[in-house]
Every structure is written in C-alpha cells, then in structure tokens.
Amino acid sequence: MLAKFILFGMIGICGSLAITAFKKTVISRKLELTGETSVILFPIYGLIGLIYPLIAIHLGDLTWYLRGVIYTIVFYIFQYVSGLLLTKIKLCPWSYSSRWSFQGLIRIEDAPIWFFAGLAVEWIYPYVKAVAGVL
C-alpha cells in the first residue's frame with residue numbers, strides 16, 4: 001500500500017510538471033518546457049492509489065465516457081476539499097482567479113484534464129499495482 005502511495009505521488013508530480021510545462025509552452029509560444037508543481041501535492045496524488053480501487057469497483061459496467069465524467073467529479077471534489085484544508089493551514093499551493101473558478105480552489109477549464117487523468121489512472125493502476133507488489 002505504501003509503494004502504491006509513493007508511485008502515484010511520483011506519477012502525479014510528473015504529470016503536474018508535464019501539464020504546466022505544456023500550458024506555458026502553448027501560451028508563451030516558446031519551445032521551453034518550464035513546469036511547476038509543489039511538494040505539498042505529493043501526498044494528494046499519492047492518495048489516488050489508495051482511493052482509486054474504492055471508486056473503480058463501482059464503475060466497471062459503465063461506458064468509458066461516463067467513467068470519465070465520474071472521475072472528473074471525484075477529482076473536483078477531492079481538489080476542492082484538499083484545497084480547503086490546505087488553505088486553513090496556509091499551505092495551499094494554488095489559487096485560481098479565472099472567471100470560471102470556484103472560490104479559487106477549482107477551475108471548470110480543468111475538466112478535460114481530470115476526465116483524461118481519471119481514465120489514465122484506470123490504465124496505469126494495474127502496472128503500478130504490479131510494480132508495488134514487487135517492491
């Protein structure tokens with residue numbers, strides 16, 4: 001269980017770096033990959049490895065796009081709650097100010113990222129589980 005936590009924490013940090021680097025590259029129109037993340041996010045991403053099986057067990061018969069929608073909703077709730085808790089202890093590494101943000105903690109424009117991230121976790125989880133079993 002600890003190995004899955006650590007592996008998902010590392011995957012999440014790498015994914016966060018890749019997504020922020022890609023966004024900055026597109027916005028700046030420069031061929032530089034300069035992503036950002038926070039070490040605070042490591043345990044949040046790590047929890048995905050522990051929570052995913054509890055969610056996935058109920059989604060097996062649904063179509064891929066309905067599963068993606070449910071993952072999006074779950075990720076939004078998870079991001080909002082973790083953001084609230086981190087804000088209370090003054091450690092929240094994000095604060096959104098876009099028109100489509102809610103209380104600075106979640107943004108509607110991130111929906112496609114959460115949709116595909118949820119489906120990616122489905123694909124990645126068996127490999128992480130196998131690697132974690134070896135460690």
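Read-outs throughout are calculated quantities, based only on the coordinates presented, and are distinct from any laboratory measurement. Computed from a predicted model, the values in this text were never measured in an experiment. Neighbour counts run over all protein chains shown; Cβ positions are idealised from the backbone, glycine included.
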Hey, what number do you get for the chain at 222 nm if only DSSP H runs of n ≥ 4 count, each worth -39500 (n - 2.57), divided across all residues, to the nearest 500?
-> -24000 deg cm²/dmol
Could you work out the local net charge near LEU135, counting Lys and Arg as +1, Asp and Glu as -1, over the other residues with Cβ closer than 12 Å to its Cβ?
-> +2
When the Cα centres of region 121-135 and region 53-77 are compared, how far apart do they sit, in Å?
-> 18
Rounding to the nearest 20 debye, state how big the charge dipole of the chain is about its Cα centre with +1 on each Lys and Arg Cβ and -1 on each Asp and Glu Cβ.
-> 320
0 to 90° range, to nearest 10: angle between helix 41-56 axis and the chain longest Cα axis = 40
Karplus couplings for region 116-128 from phi (6.51 cos²θ - 1.76 cosθ + 1.60, θ = phi - 60°), rounded to Hz, Gly and Pro as x?
-> 6, 5, x, 5, 5, 4, 4, 6, 7, 3, x, 5, 5
Normalising by the residue count of the chain, find the relative contact order in percent from Cα pairs under 8 Å and 6+ residues apart.
-> 26
Cleavage-rule hits (trypsin sites (Lys or Arg not before Pro)) in region 86-135: DSSP loop, at most 16 neighbouring Cβ within 10 angstrom | LYS90, ARG99
Region 23-131: chymotrypsin sites (Phe, Trp or Tyr not before Pro) in DSSP loop, at most 11 other beta carbons within 10 Å = TRP100
For region 15-73, run through the trypsin sites (Lys or Arg not before Pro) and keep only the ones in DSSP coil with at most 13 other Cβ atoms within 10 Å of their Cβ.
-> ARG29, LYS30
Local charge sum around ILE57 (other residues, Cβ-Cβ under 15 Å, Lys/Arg +1, Asp/Glu -1)?
-> 0
Net charge near GLN103 (other residues with Cβ under 15 Å of its Cβ; Lys, Arg +1; Asp, Glu -1) is +2
What is the helix-to-structure angle for 64-88, meaning the angle in degrees between its Cα long axis and the longest Cα principal axis of the chain, kept from 0 to 90 and rounded to the nearest 10?
-> 60
